[in-house]
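See structure below.
The values are calculated or read from the model by the stated rules, or taken from the named source; none is laboratory data. All of these numbers come straight from a predicted model, not from anything done at the bench. So basically every Cβ, Gly included, is an ideal-geometry build from the backbone, and we count neighbours across all protein chains shown. All accessible areas refer to the heavy atoms of the entire protein, side chains included, with ligands and DNA or RNA removed. Shrake-Rupley method; radii C 1.70, N 1.55, O 1.52, S 1.80 Å.
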Amino acid sequence: EGLQATFGGLGGLVVALYFSWQITLMCLVTVPIMAFSFYMILQSGAGNDGLLGKEAYEAAANIADETLSSMPTIASFGGETKAAKRYEGHLGEAEDSAIRQSKKLGLGTGFLWGSFFGMMGIGFWWGGHLTIQSREQAMINNPIPADFQTNDIYAVNRAIADEYCKYRPPGSFGQGDLLSYTGDAYDACVCSIPWSTISEPGVVNIQCGCTVGELSIASDCITTGRTIAVFFSVMIAGFLLGMIPPAFQAIKKAQLAAYKLYKIIDRVPSIDSSNASGGKHVNSVHALD
């Protein structure tokens, strides 16, 4: 489990960095909180409090079994009150352990959801900022051809763009008339059309704006899809990194148990009946006539 969490967490970070290192670094701000909160949630069920609570319940059950099986004897000596106090004492320990478990679980869950929403807010805010910025920079680096509106070689492209680059006014809820983009908005719309995938005769593959395509990692632009991919990769990596400490803690417990076991196995007893060396003390037995 520890190896799975380690390689899975590192793999998630590598994937996130591959899509966008800028968004990944912003999302990593909340990963330590997320990993710590997930560790607390795991510890609430598998930590020392859960073990102590289980032992306390077992001790209380043993006391109840002993008391009920020997009830005539206990009643004859008036030990009912003492047995009840012993039983309630162990139940109190179990209750305290359960309360500590609940506090850890509640605190860990709160931090987990807080870090999750924090990562979502930071990642999508920064991703949206980079999306706009990268598209503007792509239009500067790879502008639309200057003669796009006048050169007849782009006639088919203009017809497709005039049909594609339209929008409905804000607040119309999809019921208003379609309006055509103008100015920079029209240029950005033309460059967002995947011309390389259109097989209509006469179409020219215009290389402008985000030249390679929105879903490609080689694109000049940060897209919504890449932002979401980075967000989920970093989130899953944070969850997996939180699973690493409990795995190492289990290994430490196993090493401690193995040390005690091997210490008993390797112990050399001071008395060895199979060893023929050393002195022998034989008691004389006299036969009686």
* What's the carbon and sulfur percent of the chain's accessible surface, probe 1.4 angstrom, rounded to a whole number? -> 63
* Structure fact -> Largest fluctuation, VAL230, VAL268, VAL203 only, Gaussian network model of the chain with Cα springs under 10 angstrom, belongs to VAL268
* Write down the accessible area per residue of the chain in Å², having rolled a 1.4 Å probe over the full set of protein chains. => 66
* About its Cα centre, what dipole magnitude does the chain give when the only charges are +1 on Lys and Arg Cβ and -1 on Asp and Glu Cβ, stated in debye to the nearest 20? -> 960
* Structure fact -> For the range 76-177, listing chymotrypsin sites (Phe, Trp or Tyr not before Pro) in a DSSP loop whose Cβ sees at most 12 other Cβ atoms within 10 Å gives PHE173
* Asked: Of ARG158, ARG226, ARG168, which has the largest mean-square fluctuation in a 10 Å C-alpha GNM of the chain?
  -> ARG168
* Which Cα, out of PRO145, ALA84, CYS210, lies furthest along the positive dipole direction of the chain (beta carbon charges, K/R +1, D/E -1)? -> ALA84
* Placing +1 at every Lys and Arg Cβ and -1 at every Asp and Glu Cβ, with all other atoms neutral, what dipole size does the range 123-198 have around its Cα centre, in debye to the nearest 20? -> 240
* DSSP H segments from the chain that extend 18 Å or more along their own axis, Cα-based, with Kyte-Doolittle mean of -1.0 or above -> 2-19, 31-46, 48-69, 80-141, 224-242, 244-265
* Nearest-20 debye value, the range 1-144 charge dipole, Cβ charges on Lys, Arg, Asp, Glu -> 520
* Roughly how many Å is it from the Cα centre of the range 229-262 to that of the range 134-167, as a whole number? -> 54
* Work from the charge dipole of the chain (Cβ charges, +1 for Lys and Arg, -1 for Asp and Glu, about the Cα centre) and give the residue of ILE251, SER192, MET119 farthest towards its positive end. => ILE251
* Structure fact -> From DSSP H assignment alone, runs of 4+ in the chain each adding -39500 (n - 2.57), the sum over residues rounded to the nearest 500 puts [θ] at 222 nm at -23000 deg cm²/dmol
* Structure fact -> Scanning the chain, every Cys lacking a C-beta partner under 4.7 angstrom -> CYS27
